[in-house]
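One structure is given here, and the rest of the page talks about it.
Nothing in this text is a laboratory measurement; each read-out follows from the coordinates by a stated rule. Not measured: the values here are computed from a predicted model. In this analysis, Cβ positions are derived from the backbone assuming ideal geometry, glycine residues included, and neighbour counts consider all displayed protein chains.
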Amino acid sequence: MTRRPLIERYRDRLPVGPATPVVSLLEGSTPLVPLKGPPEAGRRGIRLFAKYEGMNPTASFKDRGMTLAVSKAKEAGAQAVAAASTGNTSASAAAYAARAGLAAIVVLPAGYVALGKLAQTLVHGARVIQVEGNFDAALAIVRELTERYPVALVNSINPYRIEGQKTIAFEVVEDLGEAPEFHALPVGNAGNITAHWKGYRELAEAGAIERLPRMLGFQAEGAAPIVRGAPVERPETVATAIRIGNPASWRGALRARDESGGAIEAVSDREILEAWRYLASQEGLFVEPASAASLAGVRRWLREGRIPEGSRVVLTLTGHGLKDPGTAEREVRLSPPVPARLEAVAAAAGLV
Ligand SMILES: *Cc1c(COP(=O)(O)O)cnc(C)c1O
């Protein structure tokens, strides 16, 4: 099948015009994978589907918003795009900027620098600048840069990101033929749940679906400001992509929850890692820990009998497992070498 740029596929529903340059890496069109389980679902005829966003060009859903944010930046004559983020936003911004022939500037608090996503960002050629200050200081400087120089801000407050990300809902409905009864996803800055809900509402307004899904958002217990109703000073969780103490799209998340009759709840790191391992070892889907928060939460709903029989539940699996090799290395064991002999290997492989 020929992939097409997200912007071309949904041109009539996105804020682009004939003069907008389309900066694309053929994002979106990700698979909606029917899950085999978990067992507590099958017994009640409940079917789960995974929207596997790790299949995007930079391996997270961020590409859906970035194709639009960078295209609009180019249209506006920006020479560079800038973000304050160590994570998937930076990696995506760097890739799309490279594609567009723009510079990417990433500003970070010094010492925060680590891990795979930053390597991805650097290899794409972004200018990564460490500042002696905290994350808020980094973001404030990025904002000032964009006011003084021809630089476009592509952090999560960029409204084009939400416009691009709403296309997840469009694709789910194309695949299922209608909206699922439930749609579950992890919540960090809450741009994605805001975008999902916007997408579903637009479909309903256009008459493309008859009813809306209930939105289930899951935060990590150590980073659950929306659940607690107050910002979290030092958010902590193994799911680094949702380690956010004061979400930029807080209000959008509340709207999605309340208008859809859904919920935003917290799941523990233990539940997240269990769901993460289940997805990889039982379903063949290797995801970022943050992505597994969606299944962790849905499993609890299933256990508590809160999902009616026959429901369809879509889980957005937001990013690929290879994004976070550190967690995988901590969570698995490589056994010591055995002699290079058939019997030893067969025994070690559990064949005898
Ligand atoms: C950005 C991100 C999230 C959180 O999305 P928000 O829009 O910030 O709520 C979750 N998982 C992954 C893999 C991400 O990159």
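Brief remarks on what is shown
- Nitroxide proxy distance, nm - points 7 Å out along Cα→Cβ at Asp175 and Arg13: 1.5 nm
- Share, in percent, of DSSP beta bridges within segment 142-276 that are antiparallel, nearest 5: 10 percent
- The value of relative contact order for segment 1-142, using C-alpha pairs under 8 Å at least six residues apart, is 19 percent.
- Net charge dipole, segment 245-290: roughly 160 debye, given to the nearest 20, about the Cα centre with Cβ charges of +1 for Lys and Arg and -1 for Asp and Glu.
- Cα-derived Rg to Rh of segment 146-188, Kirkwood definition: 1.18
- Using only side-chain charges placed at the Cβ, +1 for Lys and Arg and -1 for Asp and Glu, the dipole size of segment 119-207 relative to its Cα centre rounds to 400 debye.
- Computed from backbone phi with θ = phi - 60° and the Karplus coefficients 6.51, -1.76 and 1.60, the 3J(HN,Hα) list for segment 151-159 is 10, 9, 7, 10, 5, 5, 7, 5, x Hz; x is used for glycine and proline.
- Its Cα centre serving as origin, segment 83-169 has a Cβ charge dipole (Lys and Arg +1, Asp and Glu -1) of approximately 260 debye.
- Computed over segment 200-287, the ratio Rg/Rh where both radii use C-alpha atoms and Rh is Kirkwood: 1.05
- Radius, Kirkwood style, for segment 293-352 when every pair of distinct Cα atoms is counted (Å): 15.9 Å
- Cα-only Debye scattering, segment 6-114: base-10 log of I(q)/I(0) at q = 0.15 Å⁻¹: -0.71
- Helical contribution to [θ] at 222 nm, DSSP H n ≥ 4, -39,500 (n - 2.57), averaged over the chain, rounded to 500: -12500 deg cm²/dmol
- Choice from Ala76, Ala275, Ala293 with maximal GNM fluctuation in the chain (Cα, 10 Å cutoff): Ala76
- Relative exposure of Lys74, Lys117, Lys198, judged by other C-beta atoms within 10 Å (fewest first): Lys198, Lys74, Lys117
- Just so you know, the Cα atoms of segment 111-248 work out to an Rg and Dmax of 17.7, 52 Å.
- Charge dipole of the chain about the Cα centre (unit charges at C-beta), most positive-ward option of Ala344, Val106, Thr2: Thr2
- Applying a length cut-off of 30 Å (Cα extent along the axis) and a mean Kyte-Doolittle floor of -1.0 to the DSSP H helices of the chain leaves no helix.
- Semi-axes of the equivalent ellipsoid of segment 143-221 are 29, 16, 8 Å, computed as sqrt(5λ) over the eigenvalues of the C-alpha gyration tensor in descending order.
- Integer Hz, Karplus 6.51/-1.76/1.60 couplings in order for segment 338-352, x for Gly and Pro: 10, x, 7, 9, 3, 4, 5, 5, 4, 5, 5, 7, x, 8, 10
- Pairs of lysines in segment 31-131 (C-alpha under 25 Å apart; 8 or more residues apart or interchain): 8
- Between Glu75 and Ala119, the FRET efficiency estimated from the beta carbon spacing at R0 = 22 angstrom works out to 0.15.
- Two-site FRET efficiency, Arg228 against Glu40, from Cβ-Cβ distance with R₀ of 30 Å, rounded to 0.05: 0.60
- Applying D = kT/(6 pi eta Rh) to the chain, where Rh is the Kirkwood radius over alpha-carbon pairs, T corresponds to 4 °C and eta to 1.567 mPa s, the Stokes-Einstein value obtained is 62 µm²/s.
- Think of the chain as having a plus end and a minus end, set by charges on the Cβ of Lys, Arg, Asp and Glu; of Gly245, Leu212, Pro289, Leu212 sits farthest toward the positive end of this dipole.
- For segment 219-352: Kirkwood Rh in Å [reciprocal of mean 1/r, alpha carbons]: 17.0 Å
- With the simple spin-label model, which puts each label point 7 Å out from Cα in the Cβ direction, the Arg127 to Ile157 separation comes to 2.2 nm.
- Distant-in-sequence amide contacts of Ala50, defined by a placed amide H-H separation under 5 Å and a gap of 5 or more residues or a different chain, comprise Val33, Leu35, Leu315.
- Label-point gap, in nm, between Leu342 and Glu304 - each point 7 angstrom along Cα→Cβ: 5.6 nm
- Shown for Ile7, Ile264: other C-beta atoms within 10 Å of each C-beta, ranked fewest to most, produce the order Ile264, Ile7.
- Cβ-based exposure ranking for Ile272, Ile105, in which fewest neighbours within 10 Å come first: Ile105, Ile272
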